[in-house]
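Engineer: Take a look at this one; I'll ask things after.
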């Protein structure tokens, strides 16, 4: 895979948005001509890829997918998040049939994954216009750092501020591996298609994006944002965990503009107590006149 | 015939369950999440079917006739995991018998 042009890499503000929300959405980024082809290609099936195949080798038998991941904006976002030459974990074509009566439970993919200094990314490509009725993917902004295992969250039907995806054809989402999501019930007359690829990084995910705006104040604003479904107290812990993630990917272990981490890790070691006030100290010698 | 079927035939009642997730452990805190299950089988609530909570607060559900039958306990975090985030903590189960 060629290195994407710097102008197609994500900015620091976009990366901070990803750290806060667990998602990055690019509307209509795939050209119409590809979207027109997609249903036929997806119906025919995408050849299986062994786990851990380098992205540049994974889709040699699928020209369509090669074009998809090499679109400049898509390639730039993949590089920014997981770096050069990630491996393909797996891919899948998801089809929610017209009037399919079941919604998926809210879940995280694979198994509980609590890495704090690395993350996988899932690309989701929607080749059609997706209406609310078609049951576009439900996802919960800011849920990716919650330590839960797969569908143990299935009891949660709706969370305030959830995203019920409605998007134009050619939209691509890139999601953190931990995000809570699920395919919604399709109440329309159309089958709904989505193609997913999970990427594993092969390098340390540190400053892989365009860092020109690393100290833009909008970075802090993104990392500080609240979501309506957060409980008052736990919402503060979310900020703590985002700071830890930002420190990991920016390589700056002092970053903490609002002191969420700093104040609770402050353990000063310098001792200034007067010896005379220490009851375990021996009798004080008389000072010289 | 099962015991459950016998009971519902005798009483004619079915349980509707409302689960509310609140912003704090106070029952009058705002609703941040919700789920419903309908023992009458007349409605079929499911994942991602609404963006609007049925009530603004847990107390509003009581005012509308829902009976609280379970509230989440307040447990201290496990030592070493004080900053972890996981499931929603303030879960309240309500019922109506209809």
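Engineer: Work out the mean other chain Cβ neighbour count within 10 Å for the residues of A:97-108 and drop it here as an integer.
Structural biologist: Counting other chains' Cβ atoms within 10 Å and averaging over A:97-108 gives 2.
Engineer: Sticking with this one: Decide, for segment A:35-91, between rounded, prolate and oblate: order the square roots of the alpha carbon gyration tensor eigenvalues as a ≥ b ≥ c, take rounded if a/c falls under 1.5, and otherwise choose prolate if a/b is larger than b/c, else oblate.
Structural biologist: Cα axes put segment A:35-91 in the oblate bin.
Engineer: Based on the Kirkwood radius over alpha-carbon pairs, what value in µm²/s does the Stokes-Einstein equation return for the translational diffusion coefficient of the protein assembly as shown at 37 °C and 0.692 mPa s?
Structural biologist: Estimated via Stokes-Einstein, D reaches 139 µm²/s.
Engineer: Further question on the same structure: To the nearest whole number, what is the average tally of beta carbon atoms from other chains within 10 Å of the beta carbons of peptide A:128-139?
Structural biologist: Mean shielding by partner chains, rounded to a whole number: 1.
Engineer: Most exposed first by the Cβ proxy, i.e. fewest other Cβ within 10 Å, how do B:43, A:254, A:171 rank?
Structural biologist: A:254, B:43, A:171
Engineer: Let me confirm one metric for peptide A:231-241, namely the mean number of other chain beta-carbon atoms within 10 Å of its residues' beta-carbons.
Structural biologist: Averaged over the peptide's residues, the number is 5.
Engineer: Sort B:34, A:209 so that the residue with the fewest other Cβ atoms within 10 Å of its own Cβ comes first and the one with the most comes last. Walk me through the intermediate numbers first.
Structural biologist: Numbers: B:34 22, A:209 25.
Result, fewest neighbours first: B:34, A:209.
Engineer: Measure nothing but the geometry: give the 0 to 90° angle between the long axis through the Cα atoms of A:12-21 and the longest principal axis through the Cα atoms of chain A, rounded to 10°.
Structural biologist: 90
Engineer: How do A:94, B:90, B:81, A:177 line up, fewest other C-beta atoms within 10 Å first?
Structural biologist: B:81, A:94, A:177, B:90
Engineer: May I ask you to work out the translational diffusion coefficient for segment A:6-200 at 25 °C, viscosity 0.890 mPa s, via Stokes-Einstein with Rh from the Kirkwood sum over Cα pairs, reported in whole µm²/s?
Structural biologist: 144
Engineer: How big is the Kirkwood radius of segment A:101-187, worked out from every pair of different alpha carbons and given in Å to one decimal?
Structural biologist: Across segment A:101-187, the inverse of the average 1/r is 13.4 Å.
Engineer: Calculate the length of the line joining the C-alpha centroid of segment B:25-98 to that of segment A:162-217, in whole Å.
Structural biologist: 28
Engineer: What is the distance in Å between the Cα centres of segment A:63-121 and segment A:1-58?
Structural biologist: The distance from the Cα centre of segment A:63-121 to that of segment A:1-58 comes to 8 Å.
Engineer: OK, next. Provide, for q = 0.22, 0.23 Å⁻¹, the log10 of I(q)/I(0) from a solvent-free Debye sum over equal Cα point scatterers in segment B:44-98.
Structural biologist: -1.02, -1.06
Engineer: Using every pair of alpha-carbon atoms in segment A:75-144, split the distances into 10 Å bins beginning at 0 and state the percent of pairs per bin, rounded to integers.
Structural biologist: 13, 42, 35, 11, 0
Engineer: Quick check: the angle from helix A:232-250's long axis to the longest principal axis of chain A, C-alpha only, nearest 10 degrees?
Structural biologist: Compared with the principal axis, the helix lies near 80 degrees.
Engineer: As a test of the formula, what do you get for chain A when each DSSP H run with n ≥ 4 contributes -39,500 (n - 2.57) and the sum is divided by the residue count, at 222 nm and rounded to the nearest 500 deg cm²/dmol?
Structural biologist: -7500 deg cm²/dmol
Engineer: Dividing the Cα radius of gyration by the Kirkwood radius, what Rg/Rh value follows for chain B?
Structural biologist: Across chain B, the Cα-based Rg/Rh ratio is 1.06.
Engineer: If you don't mind, there's one more thing I want to ask. Using Cα pairs under 8 angstrom and six or more residues apart, how large is the relative contact order of chain B, in percent?
Structural biologist: 36
Engineer: If you line up the long axis of helix A:72-82 against the longest principal axis of chain A, both from Cα atoms, how many degrees apart are they, to the nearest 10?
Structural biologist: Between the helix axis and the principal axis of chain A, the angle is about 40 degrees.
Where a number appears in this text, it was derived from the coordinates with a stated rule and is not lab data. Everything numeric in this text was worked out from a predicted model, so none of it was measured. No Cβ is skipped: glycine too gets one built from the backbone with ideal geometry, and neighbour counts run over all protein chains shown.
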